[in-house]
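A quick write-up on the structure given underneath.
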Amino acid sequence: MKKYISGLCFLLCLSMSIYAQQNARIQSMGNSDIVPDISRTIYYNPAYMNDYKNQAQVSFDSPMIGIASLGNVMSIGAILNRGLILNSSFYTAGLARLPAVTSVEYSPHLLLGVDLTAVKLGADIFWEHSAYSLETSTAATTTKNNQSINHFGFLLGGNFILSSVNLAVHAGIGFPVIDAKTEATVTTETKSESGFSMRAGAEANAELAKLNWTLGLDWNHLAYQFSVAGIKQNNNSVNVYTPYIGLRTELVDNVLLVAMEKSQLAFVSSESATDSVVNDTLVHTVSCGLEKQFAKAWIFDSLALRGGLSYAITNTGTDTTRTGSIENKKGYVTTLGPATPYLGFGVTKSLFTFDLVVDPAVWSGLFSGPDVARATMSFKF
């Protein structure tokens, strides 16, 4: 047990990474992220943690996750370097009003799971926090400057194992807040009003015509408003809708084919008493991938060779309405591609799995070859 614990600690120490969407295995298959993987606990539903007890995974430029069982029913885990939860517009606008706070730090997430076999439950609890405090004194006056940005919230999930279909649902809320107060001869305060975030979604998985189908929908909502010296500013809101569909099947012995289509429609709006501006973005992404497993390879217990391709179509638009001048403007831009190929492999030795993905489209030199896009280490204990 000591060597297992030391191995897990080693993986935890390697988690000095930045937020990214996938691990090496998923990315090498064209970012087709309907493949069963522990990383789906991070981005889709915390109830999935019950399928990956006593496991840890770290990608060297992505979040890391570790889950430990507490008996047959309960489990506990943590996510590090998850990245920021909300749409970037809140952090950008909030930090602009907090000159002393330069960034919002990534915070650990606490995972809690309950496995009742046919019903699996999970919770993801987080608190994003950054703060600044300074007090200066002169012979004439004392100045206190306190600034902070916080976002506390949770996501609850359930995975229901039915006779012919698996149905997973999730829902959660958060409360983003900024506050800046300067106390001197005159006190000034900037703060957020009615900050609220919400996320909800569902995913169904079933086998039909010898194909494993996945169908899902995710919705993210954010609303916030700032108040400066008691005067309320624009109302801001963000709504992001993400429907997706995909399939998995085994073509021949130990050859997995995965394909999916994911669309993401985002509306970012700002409204005042006189005008309204809405920026919307629609991204269609089609991806596919292959994975071939070999039972024995050299000193390793197994070897996996992978390849994938993704292609995106992006539409961006701006809708501006000015009440005073009765002006309405709309503009849209469409961007096609590019198509991005990926190649990767994975090896397993005892309790360890190492995955690597490269992007052959980015050739760094004549002899050096393509850059390494991502490396992932997984560990079972």
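What follows draws every value from the coordinates through simple rules; no lab data is involved. As the structure is a computational prediction, the values presented were derived from the model and not from experiment. Ideal geometry is used to build each Cβ from the backbone, glycine not excepted, and the neighbour counts take in all protein chains shown.
Report the equivalent ellipsoid semi-axes for region 202-336 in whole Å, largest first, defined as the square roots of five times the eigenvalues of the gyration tensor built from alpha carbon atoms. Show your work: numbers first, answer last.
Values: eigenvalues 422, 54, 40 Å².
Computed over region 202-336, the values are 46, 16, 14 Å.
Taking label points 7 Å from Cα along the Cα-to-Cβ direction, Ala229 and Asn254 give a separation of 7.2 nm.
Distance between the pseudo-spin-label points of Leu305 and Ser164 (7 Å out from Cα toward the beta carbon): 3.9 nm.
If packing is taken as the average number of other Cβ atoms within 10 Å across a peptide's residues, how do 282-290, 25-33 rank, most packed first?
Values: 282-290: 18.9, 25-33: 27.7.
Packing order, densest peptide first, comes out as 25-33, 282-290.
Here the alpha carbons of the chain define both size measures, Rg and Dmax, at 23.7, 82 Å. Label reach from Thr281 (point 7 Å along Cα→C-beta): in region 84-123, amide nitrogens under 16 Å belong to 84-93. Rounded to two decimals, the Cα radius of gyration of region 105-218 over 2.2 N^0.38 Å is 1.71.
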